[in-house]
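Only the coordinates and a few stated rules stand behind these numbers; no lab work does. These numbers come from a predicted model, not from an experiment. Neighbour counts run over all protein chains shown; Cβ positions are idealised from the backbone, glycine included.
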Amino acid sequence: MSSASAKHSAAEALEAAESAVALAEADLTLAQARLSEAQTRLAQAERDVAQARIRAPFAGIITEQYLTPNMHAGRATPLLRVVSDDLRLRFAVPETLAPSVRPGLPVRVRLAAVDVELAGTVERLAPEVDPASRHQKAEAVLTVPDTLRARLSSGLLAEVFLQPPAETRTSGTHH
């Protein structure tokens, strides 16, 4: 092999190697772009799944299902009815008594349908008096012995007795 032929072969080999390196770099750049695109799609899919997950702000039992799988729902579409495991009492306080009712106030509750009396504590109050009824809505958490839980259902009519400062009767619904 002549010296010129060897130089020509070496130049061709160098050119082929540089071409192979350029192709490999292009393949690497393309693979990195595809990886970045796939990671973006994965992140979007994870966000979609997180937004599609249904979570209740409390522990409870599903009592009604309004939609079936594969049905489409908007943000305001009701999907399920969930009843809280906590036994809560929602009741109305006449506006004349509303100023004396605050979170932490003890209450007694009589559930005539099951002949039970329970204790509870006001947990929260609506920020306003309802203009139509002139009552302020309140919610209390009830203390219920495990032996009574099975006898109690959502929606029972309750007599509510507010404890000090004034023992006064109002009526409400047990939830």
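A few points about this structure:
- Which label in [x] 16.6; [y] 18.9; [z] 22.4 gives the computed Kirkwood radius over Cα pairs in Å: [z]
- Within a Gaussian network of the chain (alpha carbon springs, distance under 10 Å), most fluctuating of L156, L35, L125: L35
- Modelled FRET efficiency - R0 41 Å, A24 with Q44, Cβ distances, 0.05 increments: 0.85
- Spin-label proximity, Q163 to segment 77-99 - amide N less than 16 Å from point 7 Å beyond Cα toward beta carbon: 89
- With at most 12 neighbouring Cβ atoms within 10 Å, loop trypsin sites (Lys or Arg not before Pro) (DSSP) excluded, longest segment of the chain: 76-133
- Residues whose amide H falls under 5 Å from that of V82, counting only those 5 or more places apart or on a different chain, are T63, with hydrogens built in the peptide plane.
- Whole-Hz couplings from phi, Karplus 6.51/-1.76/1.60, listed for segment 8-13; x for Gly and Pro: 5, 5, 5, 5, 5, 5
- Listed residues D27, D48, D115, most fluctuating in the chain (Gaussian network, C-alpha, under 10 Å): D27
- Distance in nm between pseudo-label sites at T77 and R108 (7 Å out along the Cβ direction from Cα): 5.0 nm
- Build a GNM of the chain with springs between Cα atoms under 10 Å apart, and of T143, T77, T121 the one that fluctuates most is T77.
- A cut-off of 5 Å between modelled amide H atoms, ignoring neighbours fewer than 5 places along the same chain, links E123 with G104, E139, A140, V141.
- Note: relative contact order over segment 13-145, using C-alpha pairs below 8 Å and six or more positions apart, is 19 percent.
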